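Each remark here refers to the structure printed beneath this line.
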Amino acid sequence: MQAVEGKRVAALVGDGFEEVDLIEPRRALEEAGAVVTIVGCDERARQRIRGKRGLDEGQSIRAEELIGDCTAEDFDAVLIPGGTSPDRIRTDREVHRLLREFDTLKKPIFSIGHGAQVLISAQLARGRQITGAPSIADDIRNAGGLYRDQPTVADSNWVSTRGGEDLAQFNRAMLEKLAAAIPVQPVP
């Protein structure tokens, strides 16, 4: 996909990320020519971020960048995989800062399953149409978001999905949104 070639996507990942929620979108992005960078919250993430596969332990990965060293200017989009990772990273102020930067610049934000929890904690969900794991539907509504029980929901610069069973449709919508995104040039 020509319009995605070379675009940079930050994957915000903490311990407990759902393996398929990172692997499948990352594969789709990289096959389309995008560059996916694993971004962790702390120095420990450079050594190991533990994944999970359902209730079982999954593969581990390492952060290539740390959130405190990143800005939205460094990337064209951000991906928030589901699992228990969102619950672990959602209170990090640097995560909030980065997501607010992305949203202010209208750069694409991709959320899978419980990833919506991070958007809620960053206080970005109010008035937005979003989907996520059915177990957090009340959380989305309580944060002022408009929960949609649909495989994939697009709202302005956001694309969200309920979870792994909807990833094929999500990946298509994610690539379309990334291809349509016009890089914002920094103001000198």
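Please treat every number below as a calculation from the coordinates, not as lab data. Keep in mind the model is a prediction, meaning the values are calculated, not measured. Counting neighbours? That spans all protein chains shown, and the Cβs are built from the backbone with ideal geometry, glycine included.
Every Cα-Cα pair of the chain was included, and the share exceeding 21 Å stands at 43 percent. Comparing Gly16, Gly54, Gly40 in a Gaussian network model of the chain (Cα springs below 10 Å), the most mobile by mean-square fluctuation is Gly54.
What aspartates and glutamates could a cross-link reach from Lys177, if we take a straight Cα to Cα line under 17 Å and drop same-chain neighbours fewer than 8 places away? Excluding near neighbours in sequence, the set is Glu5, Glu24, Glu30, Glu31, Asp76, Asp103, Asp155, Asp166.
Averaging 1/r over every pair of different alpha carbons in the range 50-129 and inverting the result gives a Kirkwood radius of 13.3 Å. Looking at the range 2-180 alone, DSSP beta bridges between its own residues are antiparallel in about 30 percent of cases.
Please give the peptides 141-152, 101-112 ranked by average Cβ packing (other Cβ atoms within 10 Å per residue), highest first, as a rough proxy for protection.
Working: 141-152: 16.2, 101-112: 21.7.
Going from most to least packed, we get 101-112, 141-152.
Computed 3J(HN,Hα) for the range 51-64, one whole-Hz value per residue from the Karplus formula 6.51 cos²θ - 1.76 cosθ + 1.60 where θ = phi - 60°, is x, 9, 10, x, 8, 8, 6, x, 6, 9, 9, 10, 5, 8, glycine and proline marked x.
Note on the chain: helix-only mean residue ellipticity at 222 nm, from DSSP H runs of 4+ residues weighted -39500 (n - 2.57) and normalised by residue number, equals -8500 deg cm²/dmol. Computed from backbone phi with θ = phi - 60° and the Karplus coefficients 6.51, -1.76 and 1.60, the 3J(HN,Hα) list for the range 20-35 is 5, 6, 9, 5, 5, x, 4, 4, 4, 5, 5, 5, 7, x, 7, 10 Hz; x is used for glycine and proline. For Asp15, the residues 5 or more places off, or on other chains, whose built amide H falls under 5 Å of its own are Arg50. For the range 160-172, putting each phi into the Karplus relation 6.51 cos²θ - 1.76 cosθ + 1.60 with θ = phi - 60° gives couplings of 10, 9, 6, x, x, 5, 10, 5, 4, 5, 4, 4, 4 Hz, in residue order, rounded to whole numbers and with x for Gly and Pro.
Normalized C-alpha radius of gyration of the range 1-78, against 2.2 N^0.38 Å?
On the way: Rg = 12.7 Å, N = 78, 2.2 N^0.38 = 11.5 Å.
This ratio for the range 1-78 stands at 1.11.
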